[in-house]
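First the structure, in the form of structure tokens, and then the observations on it.
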Amino acid sequence: MRQSSCDARSRRQYLAALGGTGATVLAGCRDESGTQTESSDLTPTATTTAGPTHALDRYDVSLSHERGQSPDTDWTVPTTSPTDTPLATEPLIEDLEIPWDLSFAADGTLFLTERVGRVLSFVDGSVRTVTEPAAVIDAESSDDGWWVTGGEGGTLGVAAHPTYPDPPVVYVYYTTMTDDERVNRVVAMDVSAEDPAATESVIVDGIPGSKIHNGGRLTFGPEKYLWITTGDAGGGELAADTNSLGGKVLRVTPAGDPAPGNPDIDGDPRVFTYGHRNPQGLAWLPDGTVIASEHGPTGRDELNRLVAGGYYGWPDTREHAEYLNAGPEVRRPLANTGNAGGWAPSGSLFYTGDAVSSLRNRLLTGGLKGQKLLVTTLTPDGADPPPGDDAEVYDADWTDDAYTATTHSLLADELGRIRHVEQGPDGGLYLVTSNRDGRAGDGFPRERDDVLVRVTPAE
């Protein structure tokens, strides 16, 4: 992923030759002699067979669900401020159309989604459109912002099978129309096929959809089960209904069945936790603890420690005082921004790489509102938290007492709305922006938006 010195025109010509996307790649362009830089075949063509071939019919997607390594219960919690080390950003792709999610496959291929209906891949400096699922809601970019007509849905989460490219299966979460109603579904596709969309296998269907609160994050956890965040679709009562898939965190096998060990609740067996408003981020601490980020109403955004079968209070509980008065069945948040502020938190990552050592062992979350990277240090009882003079510290009687959450803000207004942050196989840190969704603040979108960037320490 080296940055190239070729000009913008040649980069666009190179992408046009690939026939995939309008994005501008800042790595892997033609050199001055016009020779294309070496790149891998991103979508090898499969042998054509008669009739539709579904991804899960063609490949065995089952997995051993034992952790690859034992949980690290002794990980070191940082005690310094993450703001002590300035950060730099290196753009790798420009001119993306409202990217939403990133997923690194085991072989290093990076898959990206664009909300307007595309799944892209990025490897060896080349971007290509992998597929454009036909069932995705009809949405086009516009000067007013795509979200005005398309809502908050579209092509959202993406997750490569944990052993990709064997099988060459990628999972996608998207919004579609069924009987004149918006719904969300999760599908698996064989991206080695000539037409990956034709191999689509539906994994989870009937997730409530709307112009707002579609959830959408997909990620495989440490035990290789597929985790899915869903929004309440603007109907808060769905979140508390354990028979509905709205306002939940789901946990399923790669084939879409309820994951063994899911909580025994009176409802849908794919539900891991419920009572969520619009969760969009999931991350795992080294000891296996799951942390979710969630949009609140007019502020009151949250970070939550997920406990199997836990009820997280929506729609009845969201104010600080309400958590104090709620019964023991309501899980308290690690952080709740209150009425005065808000983050609009999106994709999350617990960073364990060495490329940006100041952020190691911290929870990183994309901040849409405030246009920043949220860096949260989770300090267990008895340990020293980092300095909090320039941070938001959550250690009140209404919070989850498992950790003190100290959140610092980095890259404020440098990139705009940060949608997701991901760790690469190289330990590098990558993020995408969402500045062309109609909601960016002053100064955004810029001409190059939206972008995929690599984050590094500033020299």
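The values are calculated or read from the model by the stated rules, or taken from the named source; none is laboratory data. The structure presented is a predicted model; accordingly, all values stated were derived computationally and were not measured. Positions of Cβ are generated from backbone atoms using ideal geometry, with glycine treated the same way; all protein chains shown enter the neighbour counts. Please note that ligands, DNA and RNA were not included when accessible areas were found on the heavy atoms of the full protein model with its side chains. Shrake-Rupley method; radii C 1.70, N 1.55, O 1.52, S 1.80 Å.
A 1.4 Å probe run over the protein chains yields, for the chain, 39 Å² of accessible area per residue, whole-number rounding.
The helix-only estimate of mean residue ellipticity at 222 nm for the chain, built from DSSP H runs of length n ≥ 4 each weighted as -39500 (n - 2.57), is -1500 deg cm²/dmol after division by the residue total. Between ASP384 and HIS54, what is 0.36 nm times their sequence separation minus the Cα-Cα distance? Round to one decimal in nm. My answer for the length gained is 113.6 nm.
Of the solvent-accessible surface of segment 345-459, computed with a 1.4 Å probe over protein heavy atoms with every protein chain present, carbon and sulfur atoms account for 41 percent. For Cα pairs less than 8 Å apart in space and 6+ apart in sequence, what is the mean separation divided by the residue count of the chain, i.e. the relative contact order in percent? After rounding, I find 15 percent.
Given +1 at the Cβ of Lys and Arg, -1 at the Cβ of Asp and Glu and no other charges, the dipole of the chain around its Cα centre is 380 debye to the nearest 20. Between rounded, prolate and oblate, where does segment 412-459 land on the alpha carbon gyration tensor, with a ≥ b ≥ c its root eigenvalues, rounded for a/c under 1.5, else prolate if a/b exceeds b/c? Prolate. Distances between placed amide hydrogens fall under 5 Å for ILE207 paired with ASN184, all partners being 5 or more residues away or on another chain. Which of rounded, prolate, oblate describes segment 313-459, given a ≥ b ≥ c as roots of the alpha-carbon gyration tensor eigenvalues and a/c under 1.5 marking rounded, otherwise prolate only if a/b is larger than b/c? The shape class here is oblate. Net length available on complete extension from ASN243 to ASP287 is 12.8 nm, with 0.36 nm assigned per residue and the Cα-Cα distance removed.
Note on SER62 and ASP397: the model spin-label points, each 7 Å out from Cα along the C-beta direction, lie 5.3 nm apart. Rounded to 0.05, the FRET efficiency of the ASP166 and VAL307 pair, given R0 = 30 Å and the Cβ-Cβ distance, is 0.30.
If you average the C-alpha positions of segment 184-198 and of segment 53-102 separately, how far apart do those two centres end up, in angstrom? Segment 184-198 and segment 53-102 have Cα centres separated by 21 Å. In units of the compact-protein estimate 2.2 N^0.38 Å, segment 60-124 shows a Cα radius of gyration of 1.66. Cα gyration tensor of segment 197-314, axes a ≥ b ≥ c as square roots of the eigenvalues: rounded (a/c below 1.5), prolate (a/b > b/c) or oblate? Here segment 197-314 falls in the rounded category.
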